[in-house]
Structure formats: C-alpha cells, structure tokens
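Accompanying notes for the structure given below.
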Ligand code: MN
C-alpha cells in the first residue's frame, strides 16, 4: 500500500466582493491543490492557501517546496502521517501552507481507507461545527448592514474585522451590535492593526457591547504587548498571527499573553501539528479556534473535520469558501445551514466532485 502519484494544481477563486482586513484588501485568492493517488484505488485531496504576510509563502514558494517533497512521497505509506510529516520537515523548514496541502491529502486518504468521515478519526467530539461569518472592513454603517444580512441567513456568530482606526473601529463594533441585537455572538479581529495602547483603549470602550474575544490586537512579534493587552483588557485575547507551532503556543502561554489560540492549517502545517497546538493549549486551559486563510471547500472541509473532532477546539471561523464566487467543489464537502457546518456521509473529507474547469490541468505530476 503506497503512494503512486502526486498531482499539483493551481486554482484562482474570485471573491464576491473585495475582502478587506487591516493589512490590505484582496479580490481573488490563488491556491494550490494537491491530489495524492495510491496504488490501492484511494485518493486524497489537500490545499495550500499561502499568505505572504503570515508565513512568507506565495504560490511560487508552495510549488517549489512541493517539487522537493512530492518525489519523496512516492512509494511511502500514506497512512503513516507522522512519518511523512517528519520527512517534510527534514526536506525543508517552515513553509506550513505547502505542507498542509500534503498533510490534508494524507488525512483524506486515512479517512477513506478506514471508511469513516475524518472527524470520527480525529476524536469525533462533535457532529457539526458552528462557524462565524466574517464582516470585511467597510464603513461602520455598511458593516452593520452586512451584519444584518448575515444574521438573516442564520449566522449566530459574527467576526468583525477592525484594526484600521481606533475610534472608527469602536463605531464599527457599536453599530454592528446595535444592528443585530443581543442574541448574536460578536468576535473582533484586528489582524495586528493596533498598538498595545490603542488596543487597551478600544477594548475598554467596547466592553459594553459584549465581545466574546479579540483576535490578534497587536503585531505578531509583540508578545509583551499581547500580554499587556491581555492584562488590561476586559475582553479575552486570542492569538492568531503570533502562533504557528506548538512551541509558539507554549511560549505565549508562559508569557501569559493568551486566553485562546486561533489555529489555521496554513500556519501549523496541517492537521497533525494543529492537534499538537491544541493539546499544548488544552494542558494550560487555553481553548482553541480553527480559522481559515482563503481556502476553497477543500481546506475548509479539513478545518471543519479538525474542529469537530477535537474537544478543545471550541470555536470555528470557517467561512472563507462562502465568500468566494468561484466554487471548486461541486458535490460533497462540508455544507452550511445557518451557522452550522454539516458533514456529508462520505469518508475522509467527503469531497465528491470538483469543478474540472476551475481545477484545470495539473501544473506538475510526480510519480
Ligand atoms: Mn485572525
């Protein structure tokens, strides 16, 4: 039982409208999709959604890293995930989005070989996952209107993107809360956009709007600043850009800089290491979220299976596929009903049919 072939595709997915967060705006996302084929008739899919700002990766670096890793996977047992991940780390340091594509495809194969949905093999703690819906940065009034639309669609949690201008950010949060009323959970994400002083000021001013947590209020490298915000903020602090690995998690916990951690497969290098981050966090009483970069339904399915499987992953921000006008997965995958991500009956990630036109021909085939 071995890996016979690795195919690498490039896909471009347009957003319905430009998506803006504190560091910048994007109109489309370019991702790399991987298909691993075994010699016993099972195949697995994975995806890399590289972020230059967060991990230094681009489509080009992902392709280059895969060209070094993929040939070494041929003939390997796909079920020995930890062995394969160790091989990837020996070949190249870092590059977690590229590695996440391979790790995800291996987990898809694991589930299909066992004949079970992946989340059952990852612990099976939940059978569905509540996701928030993300509000792209606009004027406070426009964001309040977007919030109402999302709640009308059934979303019970909203993530308000901020981090541009402290007093306008307070308005964004106030107007969204006033527009949706008390029954909706509001989370805030500043994407490194504030200084520690600004963060403490804004968070104290918005406390009365009942915010569940604030993500990455200050720059990723400023662990002392994060600890200071956590100490002086009435709202729990979640690290995102600051945590890529289990050792990052351990360091921030030691520095008393976090209440929660946002795990993303594109930062951790896939599901195996994401679980290790969650385990470190759990030991310290720190709960986790699974978030997304700009993945299609493939990466979102992987994140959702992980979030369902693991008890300590109490939150999910798995909505970026819903923001894309282009849909790579035509059948199967993780669906959405209101705020809930629901799993198909199929095994592994549960993907059934991909859009051949969006997928296109492979850029590279390793065998
Ligand atoms: Mn974030």
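Here, each number is a calculation from the coordinates, and none is a lab measurement. Given the structure is predicted, the values throughout are model-derived calculations rather than measurements. Note that we place each Cβ from the backbone using ideal geometry, even for glycine, and neighbour counts take in every protein chain shown.
A few notes on this one:
- Global geometry of segment 273-326, whether rounded, prolate or oblate, following the gyration tensor of its Cα atoms and the 1.5 cut on a/c: prolate
- Gaussian network model of the chain, Cα within-10 Å springs - most flexible of 271, 263, 211: 211
- Counting beta carbons within 10 Å around each of 107, 221 and listing the fewest first gives the order 221, 107.
- On the basis of the beta-carbon distance and an R0 of 45 Å, residue 197 and residue 361 show a calculated FRET efficiency of 0.30.
- Residue order, fewest to most beta carbons within 10 Å, for 242, 347, 10: 10, 347, 242
- Relative to one another, the C-alpha centroids of segment 13-67 and segment 314-348 are positioned 17 Å apart.
- Segment 1-147: relative contact order in percent, alpha carbon pairs under 8 Å with at least 6 residues between: 25
- Choice from 187, 53, 156 showing the highest fluctuation, given a GNM over the chain with Cα pairs closer than 10 Å: 53
- Intensity falloff of the chain expressed as log10 I(q)/I(0), Debye formula with alpha-carbon point scatterers, at q = 0.14, 0.15 Å⁻¹: -1.13, -1.29
- Reduced Cα scattering model of segment 48-178, Debye log10 I(q)/I(0), q = 0.09, 0.12, 0.14, 0.16 Å⁻¹: -0.47, -0.73, -0.85, -0.92
- Over the chain: helical MRE at 222 nm, DSSP H runs n ≥ 4 each giving -39500 (n - 2.57), nearest 500: -12000 deg cm²/dmol
- Virtual spin-label span in nm between residue 152 and residue 335, 7 Å along Cα→Cβ: 2.3
- Of 97, 239, 179, the residue with the greatest mean-square motion in the GNM of the chain, using alpha carbon springs below 10 Å, is 179.
- Mean separation of Cα contacts under 8 Å (6+ apart) over length of the chain, as relative contact order %: 22
- Modelled spin labels at residue 231 and residue 128, positioned 7 Å past Cα toward Cβ, are 4.4 nm from each other.
- Evaluated at q = 0.09 Å⁻¹: base-10 log I(q)/I(0), Debye formula over Cα of segment 113-269: -0.32
- Put simply, segment 163-247 fits an ellipsoid with semi-axes of 22, 13, 11 Å; these come from the alpha carbon gyration tensor as the roots of five times its eigenvalues, largest first.
- Taking label positions 7 Å along the Cα-Cβ direction at both residue 90 and residue 311, the computed distance is 3.5 nm, reported to one decimal.
- Pairwise centroid distance, computed over Cα atoms, of segment 262-284 with segment 148-180, Å: 28
- Within segment 120-352, DSSP assigns beta bridges of which about 25% are antiparallel (rounded to the nearest 5).
- The tail of the calculated P(r) for segment 21-92, taken as Cα-Cα distances beyond 17 Å, holds 54 percent of the pairs.
- Listed from fewest to most Cβ neighbours within 10 Å, the set 76, 293 follows the order 76, 293.
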